[in-house]
Amino acid sequence: MFKVLKKQGNARRGEFHTVHGVIQTPVFMNVGTVAAIKGALDTFDLENIGCQVQLSNTYHLHLRPGDDVVRDMGGLHKFMNWKHPILTDSGGFQVFSLSKLRNIKEEGVYFSSHIDGHKIFMGPEQSMQIQSNLASTIAMAFDECVENPAPHNYAKDSADMTVRWLKRCKIEMDRLNGLDGTINKKQMLFGINQGSTYDDLRIEHMKEIAELDLDGYAIGGLAVGETTDEMYRIIEAVEPFAPIDKPRYLMGVGTPLNILEAVDRGVDFFDCVMPSRNARHGTIFTSNGIVNILNAKYERDDTPLDPNCKCHTCQNFSRAYLRHLFKAKEMLGMRLAVIHNLYFYNNLMAEIREALDSDTFDEYKRKKVAVLGQRV
RNA sequence: GUGGGUAUAGCUCAGUUGGUUAGAGCGCUAGUUUGUGGCACUAGAGGUCGAGGGUUCGAUUCCCUCUAUCCACC
């Protein structure tokens, strides 16, 4: 159940109630594709960072260790010792991003494993069954993610099929939630809006899936080749047609700036690999802008990554030490950088929520936008 | 001491049968990263080719001397 506590313009401050606890929104979900946050973080680290929701991946966990293994171990929560909500991505995007040889049909997608190349079939029913075995809090619908730019007719056919797939997902999820052996019988389902960069397709698609009374609505197929302005325009076009009493989730986005702009346009949920991937490559987000910790100028810099940050890394270690760890390719460097970047993202969301609570979001956003893209 | 080898980018080495602006890998410098194939990708800087002399229209390349260094032998 989703409750909007406050609104400022289109920006929403809300609460999403789940069997695994309440999610305060707007929220950033930390990406742990294979039931692990890359950079050697465990779930205790995530608690300290202030992470509310973790995202894991249907496709990856199906391949390894196998969703049947996770089910037999009591589901993802027990398996990785995480008590809070987990959202599982459906595998639709991975088919699009990982597999070059894929054959998309009405029944589902035929493609080959990125690990050993063996043939795999996944359709809406398979995706729901796997996610039910994983027993996540929220399951995502199985969709086709179209790369931008795409021809209008291809985008329309794809969006139409994604609606048909979504209906099959809902039927299968309802069936699975009713089975005796199901671990999480209250597993929720989010639908995914598609339609490439075409306002008419996006709006028509959103209207159709809004009728299905799902637990939440995602906007997918963005940040996959279109410009940032197009992305904002699509969000604006679709927002009026998304149910107001359900959370909106912008999939795979984005930079801190993207998140501020999307919150301002009515989005509640986010996830992105950017804080963790960039951290592993030495790009650090700070309250003063972006730091590339590999830069020579930090060789003898005794200050923390971000002087205003309260994370474990900034409280205890210097830029000079972090740079050394990265140069030496020590795992610890990645770990400390990931801890910081994830803290930064989660803290950004906490500040956004506070600003919305105190009706100062506009002012907060204006201040942040001026600084976030800069290099330190 | 004798004989032989080597000397080219910060490092390890290619190369030129003598011919425009001398290459690679690593390192270095900077940039990129958006529902994550675990450490990726893109670009850039950097060399009077050990020193001196000779042959030649022209030498990093051929010859001589020196220096450094490695190996073997005494």
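For the range A:197-267, which GluC sites (Glu not before Pro) are in a loop by DSSP, counting at most 11 other Cβ atoms within 10 Å?
On the way: sites: A:Glu204, A:Glu208, A:Glu211, A:Glu226, A:Glu230, A:Glu236, A:Glu261; in loops: A:Glu211, A:Glu226.
Taking the range A:197-267 and a limit of 11 other Cβ atoms within 10 Å, the loop GluC sites (Glu not before Pro) found are A:Glu211.
Spacing of the modelled spin labels on A:Ala296 and A:Val273, each 7 Å from Cα toward Cβ, amounts to 3.2 nm.
Once you have a ≥ b ≥ c as the square roots of the Cα gyration tensor eigenvalues for chain A, tell me rounded if a/c is under 1.5, and otherwise prolate or oblate according to whether a/b is larger than b/c. Show your work: numbers first, answer last.
On the way: a/c = 1.59, a/b = 1.33, b/c = 1.19.
Prolate is the answer for chain A, as a/c is 1.5 or above and a/b outweighs b/c.
Among A:Ile234, A:Ile244, the order by Cβ neighbours within 10 angstrom, fewest to most, reads A:Ile244, A:Ile234. Inter-label distance, A:Asp245 to A:Asp199: 2.9 nm, where each label sits 7 Å from its Cα along the C-beta direction.
Taking A:Thr303, A:Thr58, A:Thr197 as the candidate residues, the one with maximal mean-square fluctuation in a Gaussian network model of chain A, Cα springs under 10 Å, is A:Thr303. Could you please report the charge total around A:Leu325, scoring K, R as +1 and D, E as -1 over all other residues with beta-carbon less than 14 angstrom from its beta-carbon? So the environment of A:Leu325 carries a net charge of +3.
So between A:Asn48 and A:Arg366, what do we pick up on full extension, going 0.36 nm a residue minus the alpha carbon distance? Each step should come with its number before you reach the end.
Numbers: separation 318, 0.36 × 318 = 114.48 nm, distance 2.86 nm.
Residue separation times 0.36 nm, minus the Cα-Cα distance, leaves 111.6 nm.
Could you tell me which of the pairs A:Lys105/A:Lys167; A:Lys6/A:Lys368; A:Lys3/A:Lys186; A:Lys3/A:Lys38; A:Lys83/A:Lys185 are separated by over 27 angstrom between their Cα atoms in the structure shown? If you can, show how the numbers build up before the last one.
Working: A:Lys105/A:Lys167 16 Å; A:Lys6/A:Lys368 21 Å; A:Lys3/A:Lys186 18 Å; A:Lys3/A:Lys38 32 Å; A:Lys83/A:Lys185 16 Å.
Going by Cα-Cα distance, A:Lys3/A:Lys38 fall outside the 27 Å limit.
With a 4.7 Å Cβ cut-off, tell me which Cys residues in chain A come up empty for a partner. Here A:Cys51, A:Cys145, A:Cys169, A:Cys272, A:Cys311 come out as lacking a disulfide-compatible partner, given the Cβ-Cβ threshold of under 4.7 Å. Listed by chain and number, the aspartates and glutamates whose alpha-carbon sits under 15 Å from that of A:Lys327, ignoring those within fewer than 8 places in the same chain, are A:Glu299, A:Asp301. Largest mean-square fluctuation among A:Met251, A:Met188, A:Met80, in a Gaussian network model of chain A whose springs join Cα atoms under 10 Å apart, belongs to A:Met80. Express the relative contact order of chain A as a whole percentage, based on alpha carbon pairs under 8 Å and six or more residues apart in sequence. Averaging sequence separation for qualifying contacts and normalising by length gives 17 percent for chain A. Listing A:Phe16, A:Phe111 from fewest to most neighbouring C-beta atoms within 10 Å gives A:Phe111, A:Phe16.
Each label was represented as a point 7 Å from its Cα along the Cα-to-Cβ direction; for A:Glu354 and A:Ser97 these points are 3.1 nm apart.
Pick from A:Pro85, A:Pro124, A:Pro151: which residue has the top mean-square fluctuation in a GNM of chain A where Cα pairs under 10 Å get a spring? Its mean-square fluctuation being the largest, the pick is A:Pro151. The ranking of A:Thr227, A:Thr283 from fewest to most other beta carbons within 10 Å of each one's beta carbon is A:Thr227, A:Thr283. Every Cα-Cα pair of the range A:1-120 was included, and the share exceeding 25 Å stands at 38 percent.
Readers should treat all values here as calculations from the given coordinates under stated rules, not as data from a laboratory. Quantities reported herein were computed from a predicted structural model and do not represent experimental measurements. Please note: Cβ atoms are built from the backbone with ideal geometry, for glycine as well, and neighbour counts cover all protein chains shown.
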